[in-house]
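The values are calculated or read from the model by the stated rules, or taken from the named source; none is laboratory data. Computed from a predicted structure; not experimentally measured. Quick reminder, even Gly has a Cβ in these numbers, built from the backbone with ideal geometry, and neighbours come from all protein chains shown. The accessibility values were calculated without ligands, DNA or RNA, using every heavy atom of the protein model including side chains. Shrake-Rupley method; radii C 1.70, N 1.55, O 1.52, S 1.80 Å.
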Amino acid sequence: MTTPLVPVTAGTPVDDVPTGGTVLGKVSYRIPVTYAVLAAAALLGLVGTMIRREGVWEEATEFQSRYGEQWFTIPNFSVPSMLTVLVLTGILLAAAVYGFVLARSRAKTPVWLHLVVGVGFVVAFLTWAGAGKTSVIPVTSLLAGALALSVPLIFGAMSGIICERSGIINIAIEGQLLFGAFAAAVIASLFTAPYLGLVAAPIAGGLVGALLAWFAVKYQVNQIIVGVVLNTLILGLTSFFFSTLLAENRETWNARQPLGIIEIPLLSQIPIVGPVLFRQTILVYLMYAAVIILQFMLFRSRWGLRTRAVGEHPKAADTVGINVNKRRVWNTVLGGAVAGLGGAFFTIGSGLAFGRDMSAGNGFIALAAMILGKWNPAGALVAAVLFGFSKNLGNVLGTIGSPMPPQLLAMLPYVITIFAVAGLVGRVRAPAAEGIPYTK
């Protein structure tokens, strides 16, 4: 039995192609070319490693969690720098060739191949960075810091998914993160109860989401402009209160109130990943739950089906009895609350007092993570962790005296953001009715 050929026009969603059909069109070599670029970068690293071949890359010998007094130790081991980079470069080149073969046959690239390439390139880069150095590369703390920097990004990306799957563009994630951090710090300090701050943060974020929904749905104002205005408004309000109320009496209004650490028995003792994932505050565990619940609800529940309907084809949703604008309003408020919860990580989640503009552009990086993840919670999670890892990588390599300039490493998350927004990471399709007001 021959496989039928299905002509597909430009812009046709992949999900609309009948099962078993072969898509006629231009072959995309985006993935294998990316593999080849990474292999070339590793090859350049091999040259640099040969120059400093006397050194070896030594793993971290111990990791002291900032969340407790216990020490977590892993055995010392070192690897020959030149041989390690040479082997990994060969693996990357082989993956690039295999990717070209898959692309020519129009076969789907397996997930394991992405993982092999990603892990291989990161290990090769760390080996090159650590070659010839007497200091160690603390892998556990590298991963722990990456997770910490990823938490607000993940919450922000989940907020964007909820809103944009409903048809509302949420540029105001930055303001929602900032207002959530402000509310969490003030309420926790005022009542000396960090868990009250944890309650206040999503309420503050939900209020910003309600303003966005009010202007976008009721008055049909351009949603991008409203989002930018709300970001400016929240920045101005929090800066004003920080310079006046909070500065006058820091002990009452802006004292540090960190959340307690909750250690999961047995799981926290798993080598390397245990302290990273299971020795955290309740806020991080809420993040795990938010991603899992949203992934299930969005694609396996009535709420998710109706949410995606009003974001893709609101007229059809209205025809079957779904109140499009009401659902958009409530989902935008919910998305704002999720972002506000992420903002709490900047203050009570990290044990810090509130500072002016402490969201520092994380809301826009969260939007890029959402796009990079193709409006899917699992994909956005991976993208946000990638951004967090690249941020923390610059910090760690700066402490060990890496030959790469720290300014270049600091640029890395924003370069990836530009690539994601520009669509260079691959073709993505936003919800069809995103940003379009609906009138019954």
*Residues in region 225-246: is at least one more than 30 Å from GLY145 (Cβ to Cβ) and either in a loop (DSSP other than H, G, I, E, B) or of a type in the set (Gly, Ala, Ser) (or both)?*
yes
_Unique residue being among the basic types (Lys, Arg), in contact with a Lys or Arg (Cβ under 8 Å, 6 or more places away or on another chain) and touching a residue at least 60 places away in the same chain (Cβ under 8 Å) when the list is ARG327, ARG306_ = ARG327
*Can you name the residue in region 246-276 that is surrounded by fewer than 18 Cβ atoms within 10 Å (Cβ to Cβ) and in contact with a Phe, Trp or Tyr (Cβ under 6 Å, 6 or more places away or on another chain) and is also farthest from GLY340 (Cα to Cα) among such residues?*
LEU267
*From GLY336, GLY343, which residue is among the small types (Gly, Ala, Ser), in a helix (DSSP H, G or I) and either in contact with a Phe, Trp or Tyr (Cβ under 7 Å, 6 or more places away or on another chain) or modelled with pLDDT under 90 (or both)?*
GLY343
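Residue under question is GLY205, and the condition is that it be part of a loop (DSSP other than H, G, I, E, B), open to solvent by less than 10 Å² (accessible area, probe 1.4 Å) and not hydrophobic (A, V, I, L, M, F, W, C); does it hold? Can you show your working first?
Details: part of a loop (DSSP other than H, G, I, E, B): no; open to solvent by less than 10 Å² (accessible area, probe 1.4 Å): yes; not hydrophobic (A, V, I, L, M, F, W, C): yes.
So GLY205 fails the test.
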_Among (1) in contact with a strand residue (DSSP E or B) (Cβ under 6 Å, 6 or more places away or on another chain); (2) exposed (fewer than 14 other Cβ atoms within 10 Å of the Cβ), there is one condition ARG279 misses while meeting the rest; what is its number?_
(2)
*asked:* Let me spell it out: the conditions are (1) at pLDDT 90 or above; (2) of a type outside the set (Val, Ile, Thr); (3) under 26 Å from LEU211 (Cα atoms), and ALA353 meets all of them except one. Which number is the exception?
replied: (3)
_Quick test for you: out of ALA183, ALA172, ALA188, ALA146, pick the one residue that is among the small types (Gly, Ala, Ser) and open to solvent by 10 Å² or more (accessible area, probe 1.4 Å)._
ALA183
*asked:* Condition first: assigned to a loop (DSSP other than H, G, I, E, B) and surrounded by fewer than 18 Cβ atoms within 10 Å (Cβ to Cβ). Now tell me which residues in region 377-408 satisfy that.
replied: GLY401, PRO403, MET404, PRO405
*Tally the residues that are open to solvent by less than 10 Å² (accessible area, probe 1.4 Å) and in contact with a Lys or Arg (Cβ under 9 Å, 6 or more places away or on another chain), restricting the search to region 208-228.*
2
*Answer yes if at least one residue in region 149-164 is of a type outside the set (Lys, Arg), open to solvent by 10 Å² or more (accessible area, probe 1.4 Å), farther than 12 Å from GLY335 by Cα and over 24 Å from the mean Cα position of the chain (by Cα), and no otherwise.*
no
_Just to be sure I understand the filter: pairs with C-beta atoms under 6 Å, separated by 6 or more residues or on different chains, first member in region 217-242 and over 24 Å from ILE436 (Cα atoms), second member open to solvent by 40 Å² or more (accessible area, probe 1.4 Å). Which pairs pass?_
ILE234/PHE179; SER239/ARG356; PHE242/ARG356
_What's the total number of residues in region 356-370 that are surrounded by fewer than 24 Cβ atoms within 10 Å (Cβ to Cβ), modelled with pLDDT under 90 and among the aliphatic types (A, V, I, L, M)?_
1
_Residues being under 19 Å from ALA432 (Cβ atoms) and either buried (at least 22 other Cβ atoms within 10 Å of the Cβ) or of a type in the set (Gly, Ala, Ser) (or both) - total across region 296-324_ = 9
